[in-house]
Amino acid sequence: MPKDESYITRIDTEDTDFKVELFLIDAKGVISDRATKIGDRLYAFGADSDGFPQIDLLTEHDFNLNVSPTKIGVVGRVVDKETYLFGRPSMKVGLYSKKRSLLASAETDNRGMFSFVNLDNAEYEVRLENKSAEDYAEIVFVDDLNVPYTYSNSEKTNDEGFFGFEKLPTDIVTLKRDEVKDTKLKLPSDFSGMHEGEPIVLKNILFASGSADLLSSSYLELDRLASELNSMASVHIEVSGHTDNVGSVNANFILSEHRAKAVVDYLTSKGVDRARLSFKGYGSKKPIVKNDSDEGRKQNRRVEFIVIDK
């Protein structure tokens, strides 16, 4: 396939038990891009992932280690190097001090996942004790906000099998930490002054990175909105999704539309009449600030609604 094109893939099966993982592989057999889920059975390469392009195998859900305050965690995955899709179970993983003393051991599960949780904030070494040339591993360290800050993979191991870790970009790490802190501190959105034609940004709505899957931290805000709408039976609203200008224009448009639909679906599940709800995706067409900084792009990635009649 042409190297610089953007690709969108549709999975035709309706089986919700499938976990779909799609990768683009370069001429050297190394992952060059991972698809993100932008909607129902739709996956895109080159979409705005809201995440770290250095991390290919692990996802935001994998980072959720429930690390205690001031502690850190390690999470990794081991897969087959031919396709990067099949987890390697029963792989032995050693956690070492900087002086190469073994501190703890773990074993991968059926997905090839392993983790060490609530470690002191220090430097560590990691090694796969029974790795073969057919295996590929990716590992990250996360802080007590579950934000990754350093990473490694099998391309960075030395002759003794120890992984060499590199710091993730400081600006992205800081932005991710601020997003987590902001979410915890944000006041609920004010729905009491709904006026026709005035958009209201939903402040506490979060999705998995590059995905239309609502995170559970969004439910409280949406439950409040559903309650407000159920008490105002004549109000009709349009929910709109917006992205920044990073990534494929088409993929971001689809992603924004499916995020808006996810909000409508949730409100419907809470008893709001579907006939009172509509949704639309605008992609990056309606920024509220310039996309020339991480903070600006963060503000432009949003879901909002507008009262269209009463």
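The numbers here are math on the coordinates, done by the rules we state, and not lab data. As the structure is a prediction and not an experimental result, all values here were calculated from the model. As a convention, Cβ positions derive from the backbone with ideal geometry for all residues, glycine included, and neighbour counts pool all protein chains shown.
Annotations for the structure displayed:
- Helix content alone sets the calculated 222 nm mean residue ellipticity of the chain: runs of n ≥ 4 DSSP H residues at -39500 (n - 2.57) each, divided across all residues, give -6000 deg cm²/dmol.
- Membrane-span-like helices in the chain, defined here as complete DSSP H runs extending at least 20 Å along the helix axis by their C-alpha atoms with mean Kyte-Doolittle hydropathy no lower than -0.5, are 249-269; this is a sequence and geometry rule, not a statement about a membrane.
- In the chain, a dipole from Cβ-located charges (positive for Lys and Arg, negative for Asp and Glu) runs towards its positive end, and of P2, S231, N66 it is S231 whose Cα lies farthest in that direction.
- Model label sites at T9 and S217, defined 7 Å from Cα along the beta-carbon direction, differ in position by 2.9 nm.
- Summarising the amide proton neighbourhood of S32: residues at separation of 5 or more, or on other chains, whose placed amide H is nearer than 5 Å comprise L24, I25, D26.
- Each of S90 and K280 was given a label point 7 Å from its Cα along the Cα-to-Cβ line. The distance between the two points is 5.7 nm.
- The DSSP beta bridges internal to segment 182-309 are antiparallel in roughly 60% of cases.
- Protection proxy ranking of 95-108, 137-150, 291-304, by the mean of other Cβ atoms within 10 Å over each peptide's residues and highest first, is 137-150, 291-304, 95-108.
- Dipole size of the chain about its Cα centre, with +1 on Lys/Arg Cβ and -1 on Asp/Glu Cβ: approximately 400 debye, rounded to the nearest 20.
- F162 long-range amide H proximity, modeled H, under 5 Å: none
- Theoretical gain in end-to-end length, N121 to I25 [0.36 nm per residue, Cα-Cα removed]: 31.1 nm
- Protection proxy ranking of 159-170, 30-41, 115-126, 249-260, by the mean of other Cβ atoms within 10 Å over each peptide's residues and highest first, is 249-260, 30-41, 115-126, 159-170.
- Spin-label model distance (nm) - S97 vs N230, 7 Å beyond Cα toward Cβ: 5.7
- Charged-residue dipole, Cβ positions (Lys, Arg, Asp, Glu), segment 55-167 about Cα centre, Debye nearest 20: 300
- Out-of-range pairs (alpha-carbon distance over 27 Å; input K176/K203; K92/K181; K71/K98; K19/K181; K98/K131): K92/K181; K19/K181
- As computed over segment 55-167, the Cα convex hull volume per residue (Å³): 93
- For the chain, convex hull volume per residue from C-alpha positions, Å³: 144
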